[in-house]
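Below: the structure, in structure tokens.
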Amino acid sequence: MPDHATASSAPAPTLSSKLFAAAREVIPGGVNSPVRAFRNVGGEPFFARRAKGCRVWDVDGRDYIDYIGTWGPAILGHAPTALTNALHEAAKDGVSFGIPNPYEVEMARLIVDWVPSVEKVRMVNSGTEATMSAIRLARGCTGRDKVVKFEGCYHGHVDGLLVAAGSGALTHGRPDSAGVPASYSQETIVLPFNDVAALEELFASLGGQIAAVILEPHPANAGLILPLPGYLQRLRELTRDHGSLLIFDEVMTGFRVARGGVQELTGVIPDLTAMGKVIGGGLPVGAFGGRADLMDQLAPDGPVYQAGTLSGNPLAMVAGLTQLRELERQHGFEVLEAKGAHFEAGVRKLLDELSLGYTFHRCGSLFCLFFTEQPVHNLQDAQSADTEHFRQFFHRALDRGVYFAPSPYETGFISMAHDQSDLDRTLEVMAEALPR
Ligand code: KE4
């Protein structure tokens, strides 16, 4: 076993543990986002010192092959030279203007060009802002209040959508957050994913009251769940038939599973799309876009208000533009598919050798190993996974220098910087870390 003692196994107090103790005195839970706290796997988080390529180094000098990639943005790998150089140059001309700048136009044109549903787009600063704004726009355009979401889908910490939410809400067993008034969440209808009958029953009874349906078209916050054949198509038909808007939350899948996200892969075109992560290159960026007739209802032209001090920030635009252009120049989507396929073949071979019938899902460079032998088509299936086996697997892998998401309800990310030796090393570690 390589010398990769980590925060989860090192006996002496490490610098990470000292930092975590200090952090807990002044930051709630010691973290600025709950999923980072290792609550679902036990132990304490390590603190990052730096990251480059597919690796992160903690403050105690240990390094890990990283499958989180700052939760998706680092699709080229960490600190790609082209991106850091472009940021360095752009910063000399100013960090923020609060005035329209040319980079915003370039970014908007690129998104309109890449994403099938997007005729106009508005930049924001997080995925949460993107989904929150898309919901408000849908309600403003339809004059209706009810919104449909799906169990396990996570759309950021928007009040009305923190109902049966995934990701950190699920990790911490609080899919319905305190602090959200019943009057907010009562306009939110929650259905199980992949259940056409439930969809048809709902629209038959309430179709005329539904402003929008929002979903992750490939839910990736309850592990990675894939739509059954025809499901997205049927959802598109029902929303269109009842005058409800279809919103794809592609914050995770956009610019990752394909140039145009899931909507390009499936040909199912939503009315609005929420985006984020990859388009910021690691800087705080979100976006929402869609049909021009809808987007034109936004202030200053229309009655739906939405705003942001740092929206379209020039450095964030430069980082995102550089990353996306590099991704295209390197034929990233084809390369990531090949990396993902290589990794998947290795995982399936490993599971066979260990006689583990675990369910493994992958779409391009997104993957998830569910510690359950049953098929996974919705949140309930995902929750049948053995969380204790996952916890042991997580720490054994971490101790051997591989960092997977510290929760069974997250998805793994392969980047352009994960080369075959990194993937093969990961498979070796998984062979030692999986339960016997
Ligand atoms: P942010 O507000 O965290 O930028 O984006 C919210 C969001 C919206 N939609 C989808 C599909 C998302 O996956 C997310 C955020 N993803 C999580 C990871 N599963 C962020 C990690 C965290 O909360 O720290």
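Criterion applied to 89, 129 was being in contact with a strand residue (DSSP E or B) (Cβ under 8 Å, 6 or more places away or on another chain) and either buried (at least 17 other Cβ atoms within 10 Å of the Cβ) or in the same structural domain as residue 213 (by TED's automatic domain parsing) (or both), and the one residue passing it is 129. Based on what the data block shows, is residue 217 under 16 Å from the mean Cα position of the chain (by Cα) and at pLDDT 95 or above? Criteria met by residue 217.
Only residues that are in the same structural domain as residue 427 (by TED's automatic domain parsing) and over 14 Å from residue 259 (Cβ atoms) were counted in segment 309-339, giving 2.
Quick grid of which residues meet (1) modelled with pLDDT under 95; (2) assigned to a loop (DSSP other than H, G, I, E, B); (3) within 24 Å of residue 341 (Cβ to Cβ):
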{"residue": "380", "(1), (2), (3)": "no, no, no"}
{"residue": "389", "(1), (2), (3)": "no, no, no"}
{"residue": "395", "(1), (2), (3)": "no, no, no"}
{"residue": "398", "(1), (2), (3)": "no, no, no"}
{"residue": "406", "(1), (2), (3)": "no, yes, no"}
{"residue": "410", "(1), (2), (3)": "yes, yes, yes"}
{"residue": "421", "(1), (2), (3)": "no, no, yes"}
{"residue": "424", "(1), (2), (3)": "no, no, yes"}
{"residue": "427", "(1), (2), (3)": "no, no, yes"}
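The rows are residues; the columns are (1) touching a residue at least 40 places away in the same chain (Cβ under 8 Å); (2) acidic (Asp, Glu); (3) under 30 Å from residue 237 (Cα atoms).
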| position | (1), (2), (3) |
| --- | --- |
| 263 | yes, no, yes |
| 267 | no, no, yes |
| 286 | yes, no, yes |
| 309 | yes, no, no |
| 335 | yes, no, no |
| 344 | no, yes, no |
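On the stretch given as segment 179-238, residues that are buried (at least 19 other Cβ atoms within 10 Å of the Cβ), more than 16 Å from the ligand (Cβ to nearest atom), within 21 Å of residue 131 (Cβ to Cβ) and of a type in the set (Phe, Trp, Tyr) total 1. Restricting attention to segment 66-81, the residues that are in contact with a Leu (Cβ under 9 Å, 6 or more places away or on another chain) and hydrophobic (A, V, I, L, M, F, W, C) total 2.
Being away from the ligand (no atom under 16 Å from the Cβ) and either aliphatic (A, V, I, L, M) or farther than 30 Å from residue 188 by Cβ (or both) is true of residue 109.
Okay, residues lined up against (1) buried (at least 21 other Cβ atoms within 10 Å of the Cβ); (2) in the same structural domain as residue 256 (by TED's automatic domain parsing); (3) under 28 Å from residue 258 (Cα atoms):
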position	(1), (2), (3)
343	yes, no, yes
349	no, no, yes
369	yes, no, yes
375	no, no, yes
389	no, no, no
394	yes, no, no
407	yes, no, yes
411	yes, no, yes
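Within segment 329-372, the set of residues being of a type in the set (D, E, K, R) and in a strand (DSSP E or B) comprises 362 only.
The values are calculated or read from the model by the stated rules, or taken from the named source; none is laboratory data. From a predicted model like this one, the values you see are computed outputs, not experimental measurements. Glycine gets a Cβ as well: all are built from the backbone with ideal geometry, and neighbour counts include every protein chain shown.
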